[in-house]
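Participant: Quick one: structure below, then a few questions.
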Amino acid sequence: MKPALLEVMRMNRICRMVLATCLGSFILVIFYFQSMLHPVMRRNPFGVDICCRKGSRSPLQELYNPIQLELSNTAVLHQMRRDQVTDTCRAHSALSRKRRVLTPNDLKHLVVDEDHELIYCYVPKVACTNWKRLMMVLTGRGKYSDPMAIPASEAHVAANLKTLNQYSIPEINHRLKSYLKFLFVREPFERLVSAYRNKFTQKYNTSFHKRYGTKIIRRQRRNATQEALRRGHDVRFEEFVAYLIDPHTQREEPFNEHWQTVHSLCHPCHIRYDLVGKYETLEEDSNYVLQLAGVGGALKFPTYAKSTRTTDEMTTEFFQNISSEHQTQLYEVYKLDFLMFNYSVPSYLKLEGGGAR
């Protein structure tokens with residue numbers, strides 16, 4: 001009997017050890033799934049958690065089924081903007097949908113924020129530096145807290161943000177369906193003048209002078225000096241416009257992103273954007289996006305006075321020396337952006353035939 005009793009006691013010990021191991025594993029599994037559902041939050045100087053989206057409602061739900069009245073009123077405005085894009089795409093399908101299938105290269109401007117389920121298509125010269133800074137804060141998981149502490153040069157480093165073209169096709173489709181997609185636009189010719197002033201009148205932009213300035217001067221300027229042909233540093237706005245409307249330019253290579261049309265950068269006729277922000281209402285629209293993402297208490301769009309900002313008055317002056325023929329041709333290049341985002345034909349334009357609509 002004694003050996004049998006010892007065997008029973010040994011088996012009891014083994015059973016208790018197995019039970020303890022199973023219980024411990026079960027507890028670890030519970031903690032694991034809790035951590036997956038409720039990720040560890042980072043703190044920022046504002047004292048508000050901004051790492052990951054809080055609550056069960058996604059930004060898409062907040063946009064299309066808002067609980068707060070102020071969000072509901074704003075949602076109506078953005079529904080009108082979405083409808084404008086849809087109607088323009090339908091009315092000008094031959095122009096807007098030349099390519100039916102998007103390639104990975106078409107998605108390189110769409111920045112993805114996994115934590116807050118956002119996709120932002122950045123458009124150069126439409127506050128994209130500050131929006132990239134905000135996206136670095138949102139996706140940085142505590143690495144960044146103050147957007148304006150991030151140098152502009154760092155905001156434009158491709159490795160600092162993940163873009164949609166880095167995902168597999170099923171992952172792309174899932175995010176396009178589930179995430180809130182937004183972009184910001186600007187009056188097309190004001191954006192164009194802003195690009196010209198930044199890239200061709202600033203001495204530090206020697207790379208643009210070399211790559212584009214020399215080419216523009218060689219094609220558009222008679223009796224150009226050897227210095228101008230070598231440096232490309234003094235491109236006139238009239239020469240820049242002539243370069244843009246030159247059929248040879250458009251056959252040679254796509255426009256640089258700083259003067260490429262918004263519909264060619266972000267493909268709003270192929271991708272249904274949930275929110276179209278405007279440069280003219282930049283702060284309100286930007287803070288609305290942050291509010292939908294659940295971080296409105298932690299982050300606000302950076303504001304600062306910038307006296308060098310391109311204005312409508314400046315744009316009017318730049319177009320004074322552009323012939324009506326070139327104005328008309330240039331309008332045709334950017335026509336879809338004017339129509340799609342509900343910008344009227346500028347009063348300073350002298351379009352041939354009364355203007356193309």
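Participant: If you take just the helices (runs of 4 or more DSSP H) that sit entirely in the range 100-187, which of them hold at least 2 residues that are at positive phi, among the aromatic types (Phe, Trp, Tyr) and surrounded by fewer than 18 Cβ atoms within 10 Å (Cβ to Cβ)? Lay out the reasoning, then the answer.
Facilitator: Working: elements: 128-139, 152-155, 169-178.
It comes to none.
Participant: Go over the candidates ASN223, ASN205 one by one and state the one that is open to solvent by 80 Å² or more (accessible area, probe 1.4 Å) and free of Cβ contacts under 8 Å to residues at least 12 places away in the same chain. Write out each step before concluding.
Facilitator: Details: ASN205 fails: open to solvent by 80 Å² or more (accessible area, probe 1.4 Å).
Testing whether each residue is open to solvent by 80 Å² or more (accessible area, probe 1.4 Å) and free of Cβ contacts under 8 Å to residues at least 12 places away in the same chain leaves just ASN223.
Participant: I've got another one for you. If you go through the range 263-294 one residue at a time, how many are surrounded by fewer than 20 Cβ atoms within 10 Å (Cβ to Cβ), farther than 10 Å from PHE184 by Cα and of a type in the set (A, V, I, L, M, F, W, C)?
Facilitator: 1
Participant: Moving to a separate point now. Return the pair list, or none, for Cβ contacts closer than 9 Å from residues in the range 311-326 that are under 19 Å from THR281 (Cα atoms) to residues that are open to solvent by less than 60 Å² (accessible area, probe 1.4 Å) and not in a helix (DSSP H, G or I), at least 6 apart or on different chains.
Facilitator: Filtered contacts from the range 311-326: ASP312/GLU187; ASP312/PRO346; ASP312/TYR348; THR315/GLU187; THR315/PRO346; THR315/TYR348.
Participant: Restricting the search to the range 83-137, which residues are polar (S, T, N, Q), at pLDDT 95 or above and closer than 20 Å to LYS335 by Cα? Explain how you work it out, then say what you get.
Facilitator: If we filter the range 83-137 for residues that are polar (S, T, N, Q), which is where we start, we get 84, 86, 88, 93, 96, 103, 105, 129-130.
Okay, now just the ones that are also at pLDDT 95 or above, so 84, 86, 88, 129-130.
Of everything in the range 83-137, those that are polar (S, T, N, Q), at pLDDT 95 or above and closer than 20 Å to LYS335 by Cα turn out to be GLN84, THR86, THR88.
Participant: Continuing with the same structure: Looking at the range 148-176, I want the residues that are over 24 Å from ILE271 (Cα atoms) and have a partner that is among the hydroxyl-bearing types (Ser, Thr, Tyr) and outside any helix (DSSP H, G or I) with Cβ atoms under 8 Å, at least 6 apart or on another chain. Which pairs are those?
Facilitator: Filtered contacts from the range 148-176: MET148/TYR304; ILE150/TYR144.
Participant: Has the range 256-272 got any residue that is of a type in the set (A, V, I, L, M) and in contact with a Pro (Cβ under 6 Å, 6 or more places away or on another chain)? It would help to see each step written out before you state the result.
Facilitator: At the first step, the residues of the range 256-272 found to be of a type in the set (A, V, I, L, M) are 262, 265, 271.
If we keep only those that are in contact with a Pro (Cβ under 6 Å, 6 or more places away or on another chain) as well, we get none.
Checked against the condition, which is being of a type in the set (A, V, I, L, M) and in contact with a Pro (Cβ under 6 Å, 6 or more places away or on another chain), the range 256-272 yields no hits at all.
Participant: Which members of the range 269-296 meet the condition of being of a type in the set (Val, Ile, Thr) and touching a residue at least 40 places away in the same chain (Cβ under 8 Å)? Show your work before the answer.
Facilitator: Taking the range 269-296 and keeping what is of a type in the set (Val, Ile, Thr), we get 271, 276, 281, 289, 295.
If the condition is that a residue be of a type in the set (Val, Ile, Thr) and touching a residue at least 40 places away in the same chain (Cβ under 8 Å), then ILE271, VAL276, VAL289, VAL295 are the ones that fit.
The values are calculated or read from the model by the stated rules, or taken from the named source; none is laboratory data. In this text, all values refer to a predicted model and were calculated from it rather than measured experimentally. Please note: Cβ atoms are built from the backbone with ideal geometry, for glycine as well, and neighbour counts cover all protein chains shown. Keep in mind that these areas ignore ligands, DNA and RNA; they rest on the heavy atoms of the full protein, side chains included. Shrake-Rupley method; radii C 1.70, N 1.55, O 1.52, S 1.80 Å.
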